[in-house]
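My questions will all concern the structure given below.
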Amino acid sequence: MLEFILNPRRAPRAPVRCEARIALKEGGYWASPTSDYGPRGCQVLAPSRLEPGSRIYVELQNERIPGPVELAGHVAWTAKAPPWHTGVAFDGGSLGAASGFFTRLTAAYPGVESYGRSPDRIPRDAPLAPASPPPFEPLLTDEEARVFGEVGAGMRADVLRERLAGDWERGVHALFSLLGRRYLVVGEPSPAAAAAWAALRARRG
């Protein structure tokens, strides 16, 4: 029987930076840029580890969109070590405003809607390989950079899961993010894609 690895985050996310002002119900306030944003949640940096399930309030603003949006939600997951990457899931009452903000973001950044639409699942032994790099400098979280580095020129998904071991819970989020953003693909390695990544690294010095 064919086994699958399920995508833990099935809503699209756009790799667009927004400025966030964040507050916890229990107290505490800080500012952080987002590393991605979607109609159901976003990822931010916290000053310390946050307990999953904690109530959280987020005000987001982007330079291309007039006015902020105020959203409520909870901490969906948090990193096990600093930097404290934190996933925020919006409440049902905020989904209308969050979806409207996402629509305005994708209109303000043409083409960004094609990113973040990762598959719902992949075969457990699916071959993974780098896609051709985008024309712009990739912005990866630490976990995405680790997963991308582990995959290297190519690796099966089940081997990646074994490599990540206890970090798989965060790694699987990063894996599907990389698939959605077209940095990784399900398929055999492409020499042309490998050469393009090498050229990009050479330009970066």
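The values are calculated or read from the model by the stated rules, or taken from the named source; none is laboratory data. None of the values given here were measured: they were computed from a predicted structure. Cβ coordinates were reconstructed from backbone atoms using ideal geometry, including for glycine residues, and neighbour counts include every protein chain displayed.
Only one of PRO52, PRO123, PRO82, PRO33 is touching a residue at least 60 places away in the same chain (Cβ under 8 Å), closer than 30 Å to VAL151 by Cα and not aliphatic (A, V, I, L, M); which?
Just a single option satisfies the conditions, and that option is PRO123.
Out of THR86, THR78, I need the residue that is closer than 19 Å to GLU169 by Cβ and touching a Lys or Arg at 6+ places or on another chain (Cβ under 6 Å). Which one?
THR78
Does PHE102 satisfy the criteria of being closer than 28 Å to LEU45 by Cβ and either surrounded by 15 or more Cβ atoms within 10 Å (Cβ to Cβ) or modelled with pLDDT of 90 or more (or both)?
Criteria met by PHE102.
Considering only residues that are closer than 21 Å to PRO12 by Cα and at pLDDT 90 or above, look in segment 133-156 and name the one that is surrounded by the fewest Cβ atoms within 10 Å (Cβ to Cβ).
PHE148
Could you check segment 139-185 for helices (runs of 4 or more DSSP H) lying wholly inside it with 3 or more residues that are within 17 Å of SER35 (Cβ to Cβ)?
Passing ranges, in order: 142-151, 168-180.
Got a sec? Which of GLY41, GLY28 is under 19 Å from the mean Cα position of the chain (by Cα) and not polar (S, T, N, Q)? Spell out the reasoning first.
Values: GLY28 fails: under 19 Å from the mean Cα position of the chain (by Cα).
The conditions single out GLY41.
Each row is one residue, and each column tells you yes or no for (1) crowded, with 20+ Cβ neighbours inside 10 Å; (2) outside the structural domain of ARG181 (by TED's automatic domain parsing); (3) among the charged types (D, E, K, R); (4) over 28 Å from VAL185 (Cβ atoms).
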| site | (1), (2), (3), (4) |
| --- | --- |
| ASN7 | no, yes, no, no |
| ARG13 | yes, yes, yes, no |
| PRO33 | no, yes, no, no |
| TYR37 | yes, yes, no, no |
| PRO66 | no, yes, no, yes |
| PRO82 | no, yes, no, yes |
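Checking ALA194 against (1) at pLDDT 90 or above; (2) over 23 Å from PRO39 (Cα atoms); (3) assigned to a helix (DSSP H, G or I), which test does it fail?
For ALA194, the exception is condition (1).
Name the pairs whose Cβ atoms lie under 6 Å apart, with the first residue in segment 178-205 and over 20 Å from ARG156 (Cα atoms), the second outside any helix (DSSP H, G or I) and at pLDDT 80 or above, and 6 or more positions between them or separate chains?
ALA196/SER132
Also, I was wondering about something else. Residues that are of a type outside the set (Ser, Thr, Tyr) and under 21 Å from ASP120 (Cα atoms): list the strands (runs of 3 or more DSSP E) wholly contained in segment 1-107 that include at least 2 such residues.
Strands (runs of 3 or more DSSP E) meeting the threshold: 4-6, 36-38, 41-46, 69-78, 84-90.
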